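Notes follow once the structure below has been shown.
We did not get these values from a lab; they are worked out from the coordinates using the rules stated. It should be emphasised that the depicted structure is a prediction, and the values quoted were computed from it without experimental measurement. Glycine gets a Cβ as well: all are built from the backbone with ideal geometry, and neighbour counts include every protein chain shown.
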Amino acid sequence: MQTRSRPAASMAPGTDPAALRVITTAVLVGLVASGVALASGLGLLAGGAAAPRPWTGRAPANGPAQAAGLRLLREAAQACRSLPYQGVELAWWGRGSRAGGDTSVVQVWHRPGGRALTQEPGAPVLTQPPAASPSASGQHQPVAPLGTSGPNPDGAGALGMSTRLVSLLAANYEVTVAGRGQVAGRPARIITVRRPGGGVAAWFWLDSATSLPLRKEMFDARSHLISSVAFTEVSIGPGAVSGEPAATASAWRTTLAPGQLARLRASGWPLPGPLPGDLTLIAAKESTTPAGPVVDLDYSDGLSVVSIFVQRGYLPTPLHGWSQVALAGHKVYASDPDELCFAWAARGFVYTLIAAAPQQTVGQVVVALPHDDGPGWLARLKHGLQRMLSWVRP
Amino acid sequence: MTRHLGQRLSALIDGELSDTQRERVLAHLAGCEDCRREAAALRMLKRRMHALGDAGAGDALTWRLLALGPAGGQRPAARRAHRPPAPRRRRYAWSLAAAGVVTAGLGLTGAVFLAGGGRPPPGPKVVPAVDVFMVQHAITTGQVPARPSSVPGAGTKVP
């Protein structure tokens, strides 16, 4: 009769099943540890998101096609500043593969040197102050809460373009002239913006006569349409603007210079620099609320724009009007069904993120910012130990 | 009145008496019928006990039986033979000590965890002014963010 197992003493060390299991486990653990160490070194893990990331795509093209596309976009940015125009925009924002989304209609007025005024039909107006208006006086402008008939934030300069955004587009995307089309009865040239990997990121329709942007469509990394803004009717040129309403809101005037940001960071404010997704800090502003100061950090890669509002404090629980969702592995609050506005609290600060960006980019940004998900119980143990020691040695 | 042998009889059976004591006991047995019957019964009992081999009571039973005896009293050799050996007693003591330490550690950790709860987070309680933030974001973007449902009058929604 055969025995089911052999005595351990008679086995060679390399054939003992227990020893083989131990050796296999050790090899696997070593491989995983090596992978983690390598990924950490390359800055690929979430914790290193704020650090400079390695270039993973191919560099934007610098050929004649790219130059022609960029030249047209720079002309469009100039037209956005200098041309008077008035019209009606139809805007849609979705989430790629999801059906539905929000659609809005806004009326737009713009006079040279200023920014566009937008208003939904029959509602008060949101104004965009001139770009050169920010004050360096350091005074805090009080936040003006919006009432139930407040201005429309949706259509604020939906097709607006600036030289700064065009520069970021040139750095992060490939821009080419794709052809010609028509928008609101006006001939237009179509500009294609591609990601370094080759996928289409956006299309612009620029007015053939003036280069004013007439239509814009954005796509996520899987080439799903995520936003579309277009003039349904537009008048351009002297005498085109009339009957614009008075402005009722404006941007925070206290801009934060790099030195002021550095001082805030030194005093404990978590104000990140570059963010994942090639997002560059393009503006930093500050205002005050009854709960204290709020810092507004705006990031862009030329197409997407992400605003992060940071303020000291913590969120009440429950947070009425918000729903708790899981985003990129973190529990956050979402303020709307489309989940483009998120809030959470971590390490004594409240973060509110508002994004006009693909969902993948939003997830990368959320991961890169502080969260309290992990070490909560450790902090509680530490605090409990301190409290008990204080009982012994008051 | 004749005094019988009592415990000396079992000592005789177990061979624990000195020569002088054994002579006295044997002299008594020669003249005492009762003690001879008891000695015979004890020998028979001892033989039967030997016939049982090494089978013995469990440790727990042994310790309970030992606990019934008088403190410091004289213990028969047969009972001493059933006491657990010293290494086993030490393991038992170490196990008890380890269990005590683990229990105390868990209890202390739980107490520390409970004491650490209920701490109010630092700073003021903040409800994000999402409507204000939306306006600032819109001013920055030049694009079309989704209109939050919490912002009344934020655009004409087309079904």
Quiz item: Can you list, bin by bin at 10 Å, the percent of alpha carbon pairs in region A:231-346, starting at 0?
Solution: 10, 31, 32, 18, 8, 1
Self-check item: Histogram of C-alpha separations across region A:219-298, 10 Å bin width, %
Solution: 12, 27, 23, 28, 9, 0
Quiz prompt | Test item: A:378-388 mean partner chain Cβ contacts at 10 Å | solution = 5
Quiz item: Can you give the FRET efficiency for B:L65 and B:L108, using 1/(1 + (r/R0)^6), R0 = 41 Å, r = Cβ-Cβ distance, to the nearest 0.05?
Solution: 0.60
Exercise. Please list, in chain and number order, the residues 5+ apart from A:L214 or on another chain whose amide H is under 5 Å from its amide H, with Hs placed from the backbone.
Key: A:W205, A:L206, A:D207
Quiz item: Each residue of region A:377-386 in turn: what ³J(HN,Hα) in whole Hz from Karplus with 6.51, -1.76, 1.60 and θ = phi - 60°, glycine and Pro shown as x?
Solution: 6, 5, 4, 5, 4, 4, 5, x, 5, 4
Practice problem: Please go through the residue pairs A:K285/A:K331; A:K216/A:K331; A:K216/A:K285; A:K285/B:K125 and name each one whose alpha carbons sit more than 25 Å apart in this structure. | Solution: A:K285/A:K331; A:K216/A:K331; A:K216/A:K285
